[in-house]
Structures are given as structure tokens and as C-alpha cells.
1. Could you tell me how many of the residues in segment 4-35 are in contact with a strand residue (DSSP E or B) (Cβ under 9 Å, 6 or more places away or on another chain), under 24 Å from V111 (Cα atoms) and open to solvent by 70 Å² or more (accessible area, probe 1.4 Å)?
2. Test each condition in (1) surrounded by fewer than 17 Cβ atoms within 10 Å (Cβ to Cβ); (2) over 21 Å from R127 (Cβ atoms); (3) out of contact with any helix residue (DSSP H, G or I) (no Cβ under 7 Å at 6 or more places or on another chain); (4) not basic (K, R) for G41 and report the one that comes out false.
3. From the list L88, L118, L95, pick out the single residue that is at pLDDT below 80, outside any loop (DSSP other than H, G, I, E, B) and open to solvent by less than 80 Å² (accessible area, probe 1.4 Å).
4. Has segment 36-58 got any residue that is in a strand (DSSP E or B) and not aliphatic (A, V, I, L, M)?
5. Restricting to segment 115-152, name every residue that is among the charged types (D, E, K, R) and in contact (Cβ under 8 Å) with a residue 60 or more places away in the chain.
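The values are calculated or read from the model by the stated rules, or taken from the named source; none is laboratory data. This is a predicted model, so every value here is computed, not measured. Positions of Cβ are generated from backbone atoms using ideal geometry, with glycine treated the same way; all protein chains shown enter the neighbour counts. Side chains included, ligands, DNA and RNA excluded: accessible areas come from the protein's heavy atoms. Shrake-Rupley method; radii C 1.70, N 1.55, O 1.52, S 1.80 Å.
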Amino acid sequence: MARKLKTYQTSLGFFDLAIAAPSMKAALEAWGADSNLFHQGAAKETDDPDVIAATIAKPGVVLRRPVGSDGPFSEHAELPTDLGDDRLTKAARKLKGSKAKKHSSRPVDKVAARKAALDYDRERRRRELERAKEEAVRQKERERHQQVVDKAQTAFDKAEQEHAKRAASIQAEVEAIERRSQAEEARWDKEKARLEAALRRARS
């Protein structure tokens, strides 16, 4: 059964944010907050029927309006045109309830609330499916990249082994030549000594 949605509101950066969500935790996750704004007094559940109506119409979607304004919330809000006044202060006061907007006593339609809760669950599942698809694409890309890396690594290892084999063969040839050179030097030393002795005898 879909959980009943509540409307939560906060101010982040240049915008007031509002969302219809089943819990404060869900609202914080949707806002991308890295701290508990509710405990800090920077976020609250709102009972403004206009804000509730806007968020219930788009459950699970973060709605925005320029910070400090009283305009309607929407998915795509324009940046504030004037941040030089006390709008930020007003927004903070309003969020804490010290400057509450006059609300109508219009009750929230229970049928609409139930529909919004179902819509929220559907939107949440859609986002989860979209994230799963994106992760599958990223995983496929990682696997493709790893295959390229593995292929390059295999080619490098093969070439390195071939180089080591050839270098070892050349080294063996060098050592063989060195032994032959040493043997020739030893033979020549003996032959030279013998010939020098014969030459001395011939001259005497």
C-alpha cells in the first residue's frame, strides 16, 4: 500500500524547494541534502494548501521558486532577480513560522492524496528503473573499457616475453662468443710463446 505523502519545504541556494514525499528522509534525499535540514530548523512540513496542491500534482518531483518569493512552485523556476534586499532573511523567517502566510482552511482531497501517493511510488520506481538502466550502461562501458585494457595488457605481456626470450638468446650468444674469444686468447698466448722461442733460437 502506498504511503501517505506529506509536503516538505526548505530553502537551498537561490531557491525555495518543496516536495511531496512519504518521509523527511525521502525529502532530504530528493533535495540532495548532505545534512538533516529538519533538525537544523532549515526545513519543515508545510500546511500551505497552495504548496501542497502543487506538490501533490507532481509527487516526488522537487519544485522550486525564487528564494524569498511568494510565487507558485514549479519544476523550472527562474533565478531571483534581486538578491540585494532582505529576501533571504524573510525566507528563513517564513520557514521557521515567524512570518506565516495566511492559509485557507481548504482540506486536502483524500482521493487526490491517495492518487498522489500512488503517483509518487510510480515516480520513485521510474527513477529507480532509470538509475538501474544508467548503471547497466555504465557497467557495460566499464566492461568494454576493461576488455580494451586486458587486450592491451595481453599484447604488452606477450611482447615483453618475446623481448625477454630474444634478449636471453642474444646474451647466450654473447657469452658463447666471449668464451670463444677467451679460448682464442689462451691459444694465441701459447702459440706466441712457442713461436717466439723458435725465433730466438734461430737468431742465436
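1. So the answer is 2.
2. Result: G41 passes all but (3).
3. Details: L88 fails: open to solvent by less than 80 Å² (accessible area, probe 1.4 Å); L118 fails: open to solvent by less than 80 Å² (accessible area, probe 1.4 Å).
Just one listed residue meets the conditions, L95.
4. yes
5. Selection gives D119, D121, E123, R124, R127.
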